[in-house]
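Working notes for the structure below.
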Amino acid sequence: MVPGIAPSPDRMLQGRLFSYPDTHRHRLGANYLQLPINCSRDAVRYHQRDGPMCFGTNGGRLPNYEPNSFGGPQEAPNTREIDTRSAVEGFIGRHGYELTDADFDQPRALYHLLSPSEQQDLVDNMAGSIAQAKPVFQNSILPHLKRIDSEFGARIESAIKSINAQ
């Protein structure tokens, strides 16, 4: 779609928007848009990589997800679809999402439901896995774990440090 142009709510058009690309994927594979006859004149930067009928450099070792910590793709706000509101039954639109303390209620309740030995098993299991990750990822998960329960997060952090010290 051209930036700034959105499909109409017409049901037939909605069906075609789904059906045509789906048919191409079925016939030609996941990279059908890379086929020279189908590709755009300017380079398109999207997250689809690998798979059958892959053309070009394929992004090399760069990550193909966002957000990332390694200089991979970033959202370009100026090419985002224009937010519109359409009357359906209520209103639809794009809404940002931020984590709140309510998002951590269920894991917190589960942690408090566990016996002390089960809590220790969970801490050991998670710390063992997290310690294998790069430090940038270890540091990015710890604030989330501390939001579940400060003591839980501190125990995992301590366990990670002792594993990494070995």
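The values are calculated or read from the model by the stated rules, or taken from the named source; none is laboratory data. Here the structure is a predicted model, which means the values were calculated and not measured. In this analysis, Cβ positions are derived from the backbone assuming ideal geometry, glycine residues included, and neighbour counts consider all displayed protein chains. Surface accessibility is based on the protein's heavy atoms, side chains included, excluding ligands, DNA and RNA. Shrake-Rupley method; radii C 1.70, N 1.55, O 1.52, S 1.80 Å.
May I ask you to verify whether Ala43 is modelled with pLDDT under 80, open to solvent by less than 60 Å² (accessible area, probe 1.4 Å) and among the hydrophobic types (A, V, I, L, M, F, W, C)?
When the stated conditions are applied, Ala43 does not pass them.
Kindly list, by first and then second residue, each pair from a residue in segment 95-111 that is on the phi < 0 side of the Ramachandran plot and in contact (Cβ under 8 Å) with a residue 24 or more places away in the chain to a residue that is open to solvent by less than 100 Å² (accessible area, probe 1.4 Å) and part of a loop (DSSP other than H, G, I, E, B), limited to pairs with Cβ atoms under 7 Å and residues at least 6 apart or on different chains.
Here the result reads Arg108/Asp149; Tyr111/Asp149, each pair linking segment 95-111 to a residue that is open to solvent by less than 100 Å² (accessible area, probe 1.4 Å) and part of a loop (DSSP other than H, G, I, E, B).
Are any residues in segment 123-135 under 16 Å from Pro107 (Cα atoms) and either loosely packed, with under 12 Cβ neighbours inside 10 Å or free of Cβ contacts under 8 Å to residues at least 12 places away in the same chain (or both), and if so, which ones?
Listed by number, the list holds a single entry, Asn125.
Report every pair of residues separated by at least 6 positions or lying on different chains whose Cβ atoms are under 6 Å apart, first residue within segment 140-166 and open to solvent by 20 Å² or more (accessible area, probe 1.4 Å), second not β-branched (Val, Ile, Thr) and not in a helix (DSSP H, G or I).
Taking only residues 6 or more apart or on different chains, the pairs are Ile163/Ala131; Asn164/Ala131.
Go through (1) in contact with a Leu (Cβ under 9 Å, 6 or more places away or on another chain); (2) over 29 Å from Pro77 (Cβ atoms) one by one and return the number of the condition Pro21 breaks.
For Pro21, the exception is condition (2).
Six or more apart or on different chains, Cβ under 7 Å: which pairs go from a residue in segment 10-35 that's over 22 Å from Asp50 (Cα atoms) to one that's open to solvent by less than 70 Å² (accessible area, probe 1.4 Å)? Could you list them?
Note: pairs meeting the criteria are Leu13/Pro7; Gln14/Pro7; Leu17/Pro7.
Out of (1) charged (D, E, K, R); (2) under 30 Å from Pro9 (Cα atoms); (3) open to solvent by 100 Å² or more (accessible area, probe 1.4 Å), what's the single condition that is false for Glu66?
(3)
Considering each residue of segment 46-63, count those that are open to solvent by 60 Å² or more (accessible area, probe 1.4 Å) and modelled with pLDDT of 75 or more, and give that number.
The number of residues fulfilling the criteria is 2.
Considering only segment 95-110, I want to know if a residue exists there that is aliphatic (A, V, I, L, M) and touching a Ser or Thr at 6+ places or on another chain (Cβ under 6 Å).
no
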